[in-house]
Amino acid sequence: MTTKSTSKSPAMKSGLSRSVRLRTDRLVLRPTTPADASRAFEIQSDWDVTRMLRMAQFPPDLDDMTGWFSEHPREWLAGTAFRFAVERAGRMIGLVDLDEIDGDEGELGYWLEKPSWGQGYAFEAAEAVVDFAFCQVRLSTLRTGHAADNLASGKVLLKLDFRPQLSMRKDSRSRGEEILHQSYSLTSEAWCSRPDADR
(Lines give C-alpha, C1' and ligand atoms only; values in the text may rest on other atoms or scores of the structure.)
Protein backbone atom coordinates (compact mmCIF):
# COMPACT_ATOMS: atom_id res chain seq x y z
CA MET A 1 0.00 0.00 0.00
CA THR A 2 1.38 3.35 -1.01
CA THR A 3 0.57 6.46 0.96
CA LYS A 4 0.20 9.81 -0.71
CA SER A 5 1.02 13.10 0.94
CA THR A 6 0.00 16.50 -0.33
CA SER A 7 2.60 18.33 1.76
CA LYS A 8 4.77 20.80 -0.15
CA SER A 9 7.03 21.58 2.78
CA PRO A 10 10.69 20.68 3.06
CA ALA A 11 11.52 17.41 4.81
CA MET A 12 12.71 18.64 8.18
CA LYS A 13 11.68 18.30 11.80
CA SER A 14 10.34 21.83 12.06
CA GLY A 15 8.61 23.91 9.45
CA LEU A 16 6.49 21.06 8.05
CA SER A 17 3.21 22.52 6.90
CA ARG A 18 0.08 21.71 8.88
CA SER A 19 -1.74 21.42 5.57
CA VAL A 20 -0.22 17.96 5.09
CA ARG A 21 -2.68 15.11 4.52
CA LEU A 22 -1.74 11.44 4.48
CA ARG A 23 -4.11 9.33 2.40
CA THR A 24 -4.37 5.56 2.43
CA ASP A 25 -6.80 3.26 0.66
CA ARG A 26 -9.52 3.86 3.25
CA LEU A 27 -8.36 6.63 5.55
CA VAL A 28 -7.34 10.28 5.65
CA LEU A 29 -4.89 11.43 8.31
CA ARG A 30 -4.74 15.15 9.03
CA PRO A 31 -3.04 17.22 11.75
CA THR A 32 -5.17 17.37 14.87
CA THR A 33 -6.88 20.59 15.92
CA PRO A 34 -8.24 21.75 19.30
CA ALA A 35 -11.73 20.94 18.00
CA ASP A 36 -10.83 17.23 18.04
CA ALA A 37 -10.66 17.15 21.84
CA SER A 38 -14.34 16.36 22.34
CA ARG A 39 -14.22 13.39 19.96
CA ALA A 40 -11.02 12.11 21.62
CA PHE A 41 -12.74 12.45 25.01
CA GLU A 42 -15.61 10.36 23.69
CA ILE A 43 -13.28 7.63 22.40
CA GLN A 44 -11.16 7.51 25.56
CA SER A 45 -14.26 7.31 27.75
CA ASP A 46 -14.33 3.64 26.69
CA TRP A 47 -12.35 1.67 29.28
CA ASP A 48 -11.42 -0.99 26.72
CA VAL A 49 -9.60 1.70 24.73
CA THR A 50 -7.96 3.63 27.54
CA ARG A 51 -6.77 0.66 29.59
CA MET A 52 -4.30 -0.01 26.77
CA LEU A 53 -2.91 3.55 26.91
CA ARG A 54 -0.22 3.62 29.58
CA MET A 55 -0.08 7.42 30.00
CA ALA A 56 -3.80 8.19 29.62
CA GLN A 57 -6.16 9.11 32.45
CA PHE A 58 -9.36 7.18 33.10
CA PRO A 59 -11.94 8.43 33.21
CA PRO A 60 -10.67 11.19 30.93
CA ASP A 61 -11.01 14.84 31.90
CA LEU A 62 -12.40 17.06 29.15
CA ASP A 63 -10.49 20.15 30.32
CA ASP A 64 -7.20 18.21 30.34
CA MET A 65 -7.98 16.74 26.94
CA THR A 66 -8.80 20.18 25.54
CA GLY A 67 -5.57 21.60 26.96
CA TRP A 68 -3.53 18.77 25.45
CA PHE A 69 -5.05 19.20 22.00
CA SER A 70 -4.52 22.95 22.15
CA GLU A 71 -0.77 22.27 22.37
CA HIS A 72 -0.65 20.17 19.20
CA PRO A 73 -0.29 23.01 16.65
CA ARG A 74 2.63 24.50 18.63
CA GLU A 75 4.33 21.10 18.93
CA TRP A 76 3.91 20.53 15.20
CA LEU A 77 5.48 23.86 14.26
CA ALA A 78 8.34 23.27 16.72
CA GLY A 79 8.96 19.80 15.31
CA THR A 80 8.65 18.13 18.73
CA ALA A 81 5.51 16.10 17.93
CA PHE A 82 3.33 15.38 14.91
CA ARG A 83 -0.17 14.20 15.75
CA PHE A 84 -2.72 13.02 13.18
CA ALA A 85 -6.46 12.57 13.50
CA VAL A 86 -7.46 9.38 11.68
CA GLU A 87 -10.63 9.86 9.64
CA ARG A 88 -12.82 7.25 8.00
CA ALA A 89 -15.60 8.65 5.78
CA GLY A 90 -15.11 12.09 7.34
CA ARG A 91 -15.37 10.88 10.97
CA MET A 92 -12.47 10.83 13.42
CA ILE A 93 -11.92 7.24 14.56
CA GLY A 94 -8.61 7.65 16.38
CA LEU A 95 -5.18 9.21 16.50
CA VAL A 96 -1.66 8.31 15.41
CA ASP A 97 1.28 10.41 16.50
CA LEU A 98 5.01 10.88 16.58
CA ASP A 99 6.22 12.41 19.81
CA GLU A 100 9.17 12.60 22.19
CA ILE A 101 11.21 13.64 19.14
CA ASP A 102 14.80 14.17 20.20
CA GLY A 103 17.49 14.50 17.54
CA ASP A 104 16.69 11.96 14.85
CA GLU A 105 14.62 9.63 17.04
CA GLY A 106 10.98 9.64 18.04
CA GLU A 107 8.16 7.52 19.40
CA LEU A 108 5.11 6.15 17.57
CA GLY A 109 1.74 5.95 19.31
CA TYR A 110 -1.80 5.20 18.20
CA TRP A 111 -5.31 4.45 19.41
CA LEU A 112 -8.66 3.85 17.73
CA GLU A 113 -12.28 3.73 18.81
CA LYS A 114 -13.39 0.20 19.68
CA PRO A 115 -15.88 -0.16 16.76
CA SER A 116 -12.92 0.29 14.37
CA TRP A 117 -10.83 -2.51 15.89
CA GLY A 118 -10.08 -5.65 13.91
CA GLN A 119 -10.48 -4.07 10.47
CA GLY A 120 -6.87 -3.26 9.64
CA TYR A 121 -7.22 0.47 10.26
CA ALA A 122 -4.52 0.61 12.93
CA PHE A 123 -1.96 -0.93 10.59
CA GLU A 124 -3.05 1.25 7.67
CA ALA A 125 -2.85 4.48 9.68
CA ALA A 126 0.37 3.60 11.50
CA GLU A 127 2.04 2.59 8.24
CA ALA A 128 1.29 6.02 6.77
CA VAL A 129 2.75 7.82 9.80
CA VAL A 130 5.85 5.61 9.94
CA ASP A 131 6.49 6.47 6.30
CA PHE A 132 5.96 10.16 7.11
CA ALA A 133 8.43 9.86 10.00
CA PHE A 134 11.20 8.40 7.89
CA CYS A 135 10.60 10.06 4.52
CA GLN A 136 9.46 13.57 5.49
CA VAL A 137 10.55 14.19 9.07
CA ARG A 138 13.76 12.26 8.31
CA LEU A 139 13.95 10.42 11.61
CA SER A 140 16.41 7.53 11.75
CA THR A 141 14.77 5.47 14.50
CA LEU A 142 11.29 5.01 15.92
CA ARG A 143 10.49 3.52 19.29
CA THR A 144 7.14 2.24 20.48
CA GLY A 145 5.58 -0.30 22.78
CA HIS A 146 2.42 -1.81 24.19
CA ALA A 147 1.01 -3.49 27.26
CA ALA A 148 1.96 -7.15 27.15
CA ASP A 149 -1.72 -8.15 27.16
CA ASN A 150 -2.41 -6.02 24.07
CA LEU A 151 -1.68 -8.76 21.56
CA ALA A 152 -3.45 -6.98 18.70
CA SER A 153 -1.07 -4.02 18.93
CA GLY A 154 1.89 -6.39 18.93
CA LYS A 155 0.68 -7.92 15.68
CA VAL A 156 0.38 -4.46 14.09
CA LEU A 157 3.93 -3.53 15.10
CA LEU A 158 5.45 -6.80 13.89
CA LYS A 159 3.65 -6.38 10.56
CA LEU A 160 5.25 -2.92 10.33
CA ASP A 161 8.67 -4.59 10.81
CA PHE A 162 9.26 -3.21 14.29
CA ARG A 163 11.67 -5.41 16.22
CA PRO A 164 10.95 -6.44 19.84
CA GLN A 165 13.34 -5.01 22.41
CA LEU A 166 13.09 -5.06 26.20
CA SER A 167 10.10 -6.23 28.18
CA MET A 168 9.85 -4.50 31.56
CA ARG A 169 7.50 -3.39 34.31
CA LYS A 170 6.21 0.17 33.93
CA ASP A 171 3.59 2.29 35.66
CA SER A 172 0.24 2.49 33.88
CA ARG A 173 -1.62 5.71 34.65
CA SER A 174 -4.88 4.40 33.22
CA ARG A 175 -4.82 1.16 35.24
CA GLY A 176 -3.26 2.64 38.34
CA GLU A 177 -0.73 -0.17 38.64
CA GLU A 178 2.44 -1.58 37.15
CA ILE A 179 2.08 -3.51 33.92
CA LEU A 180 4.41 -5.58 31.80
CA HIS A 181 5.37 -3.39 28.83
CA GLN A 182 6.91 -4.66 25.60
CA SER A 183 9.10 -2.19 23.70
CA TYR A 184 10.05 -2.15 20.00
CA SER A 185 12.22 -0.19 17.60
CA LEU A 186 12.46 0.32 13.85
CA THR A 187 15.17 2.04 11.82
CA SER A 188 14.81 4.06 8.66
CA GLU A 189 17.26 1.72 6.96
CA ALA A 190 15.12 -1.32 7.76
CA TRP A 191 11.95 0.49 6.65
CA CYS A 192 13.38 1.56 3.30
CA SER A 193 14.88 -1.87 2.57
CA ARG A 194 11.59 -3.76 2.95
CA PRO A 195 10.86 -6.00 -0.06
CA ASP A 196 7.67 -4.04 -0.82
CA ALA A 197 9.17 -0.57 -0.29
CA ASP A 198 8.51 1.59 -3.33
CA ARG A 199 11.44 3.94 -2.74
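When the chain is treated as a Gaussian network with alpha carbon springs shorter than 10 Å, the biggest mean-square fluctuation among 36, 131, 171 belongs to 171. The Cβ shell under 12 Å around residue 178 holds other residues with a net charge of +3, Lys and Arg each +1, Asp and Glu each -1.
Each Cα pair under 8 Å and six or more residues apart adds its separation to the average, and for the stretch 58-152 the resulting relative contact order is 19 percent. Counting charges near residue 85 (Lys, Arg +1; Asp, Glu -1) among other residues having Cβ under 11 Å from its Cβ returns a value of +3.
Can you work out the accessible area per residue across the chain, with the rest of the protein chains kept in place, probe 1.4 Å, in square angstrom?
49 Å²
Under a Gaussian network description of the chain, with springs only between Cα atoms under 10 Å, the residue in 136, 182, 119 that fluctuates furthest is 119.
The local environment of residue 98, defined by Cβ-Cβ distances under 9 Å, has a net charge of -3 under the rule Lys, Arg +1 and Asp, Glu -1.
Taking the charge dipole of the stretch 69-135 about its Cα centre, with +1 at Lys and Arg Cβ atoms and -1 at Asp and Glu Cβ atoms, the residue from 129, 90, 69 reaching farthest to the positive side is 90. Pairs of Cα atoms nearer than 8 Å and 6+ residues apart set the relative contact order; for the chain it is 20 percent. Quick one: pull the percentage of alpha-carbon pairs in the stretch 102-185 with a separation above 14 Å. So the portion of pairs separated by more than 14 Å is 66 percent.
Annotated for the chain: lysine pairs at least 8 residues apart or interchain, Cα distance under 23 Å, count 5. Only helices enter the 222 nm calculation for the chain: every DSSP H run of n ≥ 4 contributes -39,500 (n - 2.57), and dividing by all residues gives -8500 deg cm²/dmol, rounded to 500. In this Cβ point-charge picture (+1 for Lys and Arg, -1 for Asp and Glu), the stretch 39-111 has a dipole of about 380 debye about its Cα centre. The convex hull defined by the C-alpha atoms of the chain has an orientation-averaged projected area of 10.3 nm². Counting protein heavy atoms only, the stretch 63-188 has 49 percent of its accessible area on carbon and sulfur, 1.4 angstrom probe.
The values are calculated or read from the model by the stated rules, or taken from the named source; none is laboratory data. What you see is a predicted model; the values in this text were computed from it and never measured. Please note: Cβ atoms are built from the backbone with ideal geometry, for glycine as well, and neighbour counts cover all protein chains shown. We work out accessible area using only protein heavy atoms, side chains counted, and drop any ligands, DNA or RNA first. Shrake-Rupley method; radii C 1.70, N 1.55, O 1.52, S 1.80 Å.
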